[in-house]
Amino acid sequence: MSPDGGPMLKTTHGFAENMIDEQESKRSAMLELQHISHNYGAVKALRDVSLTAYKGEFLTILGESGSGKTTILRVISGLETATSAEVIAIEGANVAHVPAAHRNCTTVFQNYALFPHMSVQENVEYGLSVRGMPKADRAKRALEALEMVKLDGKADRRVSQLSGGERQRVALARAIVTQPAILLLDEPLGALDEKLRQQMQEELVRLHSRLGMTFVYITHSQEEALTMSDRIALMCNGEIVQIGTPEDLFDRPNSAFAAEFMGFENIFEGHLKEISDERVSVEVNGHGFHGRWSGHQAPLIGQKAFAAIRAERLKLEGAENHAEDNALKCSAGSTLYRGKYVDQHLQTEIGPMRARIWDRANRKSSISTVSWHPDDCVVTAP
Amino acid sequence: MNMAGIPLKSEAGKFSTGRYVAVNGWKVFAKACGIFAIALTYAPLIWLAVMSFSSRPLSGVPYPLSLEHYRALTRNPAWLEPFASSIIIGALVAIVCMILATAVGRAIPRARRPGGLVLFAIIPLFVPGMSMGAALFIAFRTVLDLKLGYWAVFFGHVVWALPFSLMMVLVIAVRFDYRLLEAAEDLGASSWRRFWDVEFPILRPGIVGAGLFGFLLSFNEILRSTFLRGTEATMPVWNWMMAASQQSQVPIIFSLATIVLFATLPILGGFFWLLFVKLDKD
């Protein structure tokens, strides 16, 4: 496996995405939400949210806790009735007034919510049993589902005898055994340790491509979202602030919030000074920087804008420089050892910055300038 | 034990030596209390069973042994009706308490302010039996002008047993994870299936416990029954009347109490075992 568990998955993911792109014209909406609002008392959990998930898509809803992502999932499943909802359509049929029990989607709950008084197999069979499927058939289907999550052989165990990772798999098997149109996953990996989480990410991706089911996946981890998704919807305060491919969100955040959430370490507020075809220029505290515009609307001269640069894109002394690079005088601050890399804090005239040093052998003892390429400088809207 | 204890003491130093002794002292004291309580409970019961076979039970000497009181029981079937009515009333109280306690016990944790409701529901536990009996007597007999009898005893027993039964259900219901019902609903279960497949099996120990307490409390009840029985008699009332009448019936009561003890104890014990040991393991 790759050291951080990411790149290997990205390959398979890229392949899946190409296939989807080819079928772009044939894509049909599996899930459609239009103008959903929900309030818990005076708290607005969802503000006029609209969202579409296509057939076979892995759609991730990414956001902090309290951003409304779990509420969306509960509204889709029917466990929560939205304060107002124009359309909640699954497979083209409006299910806004259909109770949860009759919606063609199942949920993998954050706490798994396995039935403690039933065996693993009874848990998995439950969705089939309420549909009146004969015992022999449902046992066969349950064992198939358990095999799919690599838990065959533990069918007779009690839930209390399973580890956290195994419970997670039972919850997954229980949800997919009824072959729903949409599988809803509510931070299913939240309670697992690091290594198990990465392993489960791979398995979920594999399961997704094997089943061809539409997955709607909730997480607060941008790493999880980037690794697994076809598309990501970023939520903030009950609204979807950006939706797009992992690359869109990672490279082209459309707001300062999105940039910060997607891990841009260095973000500075300024004003737009110049706009050309490819580039914009932003003025921060008297310094002009060139970058590429990624805001959610067309840029306007003089508008408030943010320049965002990832720490690993900052170049210190000794690195190869381009003529068009943005540069800034700086002095070195403290360093933070992070294992695979070292973070170097810098003091500059526009404020503190953070640079990432991967190659520790070539660390310079004195640092006086920091520079970065305009392509690595994202200029975005507030 | 001492052999192991002495070197430990000398090694452990002054301060912890004191603690070691104190803990040991507590253990001995707790053991003594436990043995005393157990003896106080079981010794009289065993003595009762032994004396029921004595030809002169009030003499305090078991010998000479005899089955004559048991024979007297079969000759004189007057106890059969009170016994049967106590069993029937107890069973009905158990069933009604199970149903009511389940319905209310499920609802209370879902209420907006469960604390006040619980308090309100269990206050009858602290109402003296004499007051409750007299109050029900006045309500039934003089206010509603009804003829008292078994039915009034039944109502009185339900009022008495219900708070206990409710507690049995509540102990389990307050820990019930409602997300399990959401999971069942999400998987397509109707509201009845959600209750029957998920909630009921998990609440079952509390519900069966509610029934057991309902039966036991009714079967043993005497204070409220004396107010509400009219001219009928339940088993405890009949026993009390026989014992109080200073007739030669007392030895029969010994035999009867022994039969009741050995009939009910294994059944209830088996129930508890099934409920808390067997089902828990499964």
Legend entry - Failed item in (1) part of a loop (DSSP other than H, G, I, E, B); (2) modelled with pLDDT of 90 or more, with A:Pro3 passing the rest: (2)
Legend entry - A:His322 being farther than 16 Å from A:Ile350 by Cα and surrounded by fewer than 18 Cβ atoms within 10 Å (Cβ to Cβ): yes
Inset, instruction - Might you check whether a residue that is more than 9 Å from chain B (Cβ to nearest Cβ) and at negative phi occurs anywhere in the range A:102-109? - result: yes
Inset, instruction - Confirm whether B:Ala244 is modelled with pLDDT of 75 or more and out of contact with any helix residue (DSSP H, G or I) (no Cβ under 9 Å at 6 or more places or on another chain). - result: yes
Legend entry - Residue satisfying all of: in the range A:88-101; in contact (Cβ under 8 Å) with a residue 40 or more places away in the chain and part of a loop (DSSP other than H, G, I, E, B); nearest to the other protein chains (Cβ to nearest Cβ) among these: A:Glu91
Inset, instruction - Can you give me the number of residues within the range A:71-100 that are touching a Gly at 6+ places or on another chain (Cβ under 7 Å) and open to solvent by 20 Å² or more (accessible area, probe 1.4 Å)? - result: 2
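Conditions (1) closer than 15 Å to A:Leu59 by Cβ; (2) assigned to a loop (DSSP other than H, G, I, E, B); (3) under 18 Å from the mean Cα position of the chain (by Cα), marked per residue:
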{"residue": "A:Leu183", "(1), (2), (3)": "yes, no, yes"}
{"residue": "A:Pro188", "(1), (2), (3)": "yes, yes, yes"}
{"residue": "A:Val205", "(1), (2), (3)": "yes, no, yes"}
{"residue": "A:Arg210", "(1), (2), (3)": "no, no, no"}
{"residue": "A:Phe215", "(1), (2), (3)": "yes, no, yes"}
Legend entry - Count of residues meeting criterion [open to solvent by 20 Å² or more (accessible area, probe 1.4 Å) and more than 18 Å from B:Val198 (Cβ to Cβ)] in the range A:103-112: 2
Inset, instruction - For A:Ala85, state whether it is of a type in the set (A, V, I, L, M, F, W, C) and away from chain B (no Cβ under 14 Å). - result: yes
Legend entry - Residue match in the range B:202-218 (condition: under 16 Å from B:Pro82 (Cα atoms) and surrounded by 22 or more Cβ atoms within 10 Å (Cβ to Cβ)): yes
Inset, instruction - Provide a single number: the residues in the range B:113-155 that are surrounded by 17 or more Cβ atoms within 10 Å (Cβ to Cβ) and of a type in the set (D, E, K, R). - result: 0
Inset, instruction - Would you be able to say whether some residue in the range B:199-210 is more than 10 Å from chain A (Cβ to nearest Cβ), within 30 Å of B:Ile138 (Cβ to Cβ) and in contact with a helix residue (DSSP H, G or I) (Cβ under 6 Å, 6 or more places away or on another chain)? - result: yes
Inset, instruction - Report, by residue number, each residue of the range A:39-70 that is in contact with a Phe, Trp or Tyr (Cβ under 8 Å, 6 or more places away or on another chain) and of a type in the set (Val, Ile, Thr). - result: A:Thr60, A:Ile61
Inset, instruction - Could you list all residues from the range A:244-276 that are among the β-branched types (Val, Ile, Thr) and either touching a Phe, Trp or Tyr at 6+ places or on another chain (Cβ under 6 Å) or crowded, with 19+ Cβ neighbours inside 10 Å (or both)? - result: A:Ile267
Legend entry - Output for the range B:24-47, where each listed residue is closer than 22 Å to B:Leu261 by Cα and either of a type in the set (S, T, N, Q) or assigned by TED's automatic domain parsing to the domain that holds B:Phe254 (or both): B:Thr41
Inset, instruction - Take A:Thr52 and decide whether it is within 14 Å of chain B (Cβ to nearest Cβ), in contact (Cβ under 8 Å) with a residue 12 or more places away in the chain and among the β-branched types (Val, Ile, Thr). - result: no
Inset, instruction - Just need a number here: residues in the range B:73-109 that are small (Gly, Ala, Ser) and open to solvent by less than 20 Å² (accessible area, probe 1.4 Å). - result: 6
Inset, instruction - Show the residue pairs that are 6+ apart or on different chains and have beta-carbon atoms under 9 Å apart, the first residue being within the range B:39-67 and closer than 18 Å to B:Ala243 by Cα, the second being of a type in the set (D, E, K, R) and surrounded by 13 or more Cβ atoms within 10 Å (Cβ to Cβ). - result: B:Ser55/B:Glu68
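Does A:Val170 meet the test of being under 22 Å from A:Asn111 (Cβ atoms) and either crowded, with 21+ Cβ neighbours inside 10 Å or not polar (S, T, N, Q) (or both)? Talk me through it step by step, then tell me what you get.
Values: under 22 Å from A:Asn111 (Cβ atoms): yes; either crowded, with 21+ Cβ neighbours inside 10 Å or not polar (S, T, N, Q) (or both): yes.
Yes, satisfied.
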Inset, instruction - Out of the residues in the range A:113-149 that are hydroxyl-bearing (Ser, Thr, Tyr) and either surrounded by fewer than 23 Cβ atoms within 10 Å (Cβ to Cβ) or more than 10 Å from chain B (Cβ to nearest Cβ) (or both), state the one that is nearest to B:Phe195 (Cα to Cα). - result: A:Ser129
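Each row is one residue, and each column tells you yes or no for (1) surrounded by 18 or more Cβ atoms within 10 Å (Cβ to Cβ); (2) within 30 Å of A:Asn104 (Cα to Cα); (3) within 14 Å of chain A (Cβ to nearest Cβ); (4) of a type outside the set (Phe, Trp, Tyr).
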{"site": "B:Ala111", "(1), (2), (3), (4)": "no, no, no, yes"}
{"site": "B:His157", "(1), (2), (3), (4)": "yes, no, no, yes"}
{"site": "B:Pro163", "(1), (2), (3), (4)": "yes, no, no, yes"}
{"site": "B:Val169", "(1), (2), (3), (4)": "yes, no, no, yes"}
{"site": "B:Ala173", "(1), (2), (3), (4)": "yes, no, no, yes"}
{"site": "B:Ala184", "(1), (2), (3), (4)": "yes, yes, yes, yes"}
{"site": "B:Leu187", "(1), (2), (3), (4)": "yes, yes, yes, yes"}
{"site": "B:Ser191", "(1), (2), (3), (4)": "no, yes, yes, yes"}
Legend entry - Qualifying positions in the range A:150-160 - on the phi < 0 side of the Ramachandran plot and either more than 12 Å from chain B (Cβ to nearest Cβ) or modelled with pLDDT of 95 or more (or both): A:Leu151, A:Asp152, A:Lys154, A:Ala155, A:Arg157
Legend entry - Subset of the range B:54-72 (residues that are open to solvent by 80 Å² or more (accessible area, probe 1.4 Å) and either assigned by TED's automatic domain parsing to the domain that holds B:Thr258 or touching a strand residue (DSSP E or B) at 6+ places or on another chain (Cβ under 9 Å) (or both)): B:Tyr63, B:Leu65
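The values are calculated or read from the model by the stated rules, or taken from the named source; none is laboratory data. What you see is a predicted model; the values in this text were computed from it and never measured. Every residue, glycine as well, gets a Cβ built from its backbone with ideal geometry; the counts of neighbours run over all protein chains shown. We work out accessible area using only protein heavy atoms, side chains counted, and drop any ligands, DNA or RNA first. Shrake-Rupley method; radii C 1.70, N 1.55, O 1.52, S 1.80 Å.
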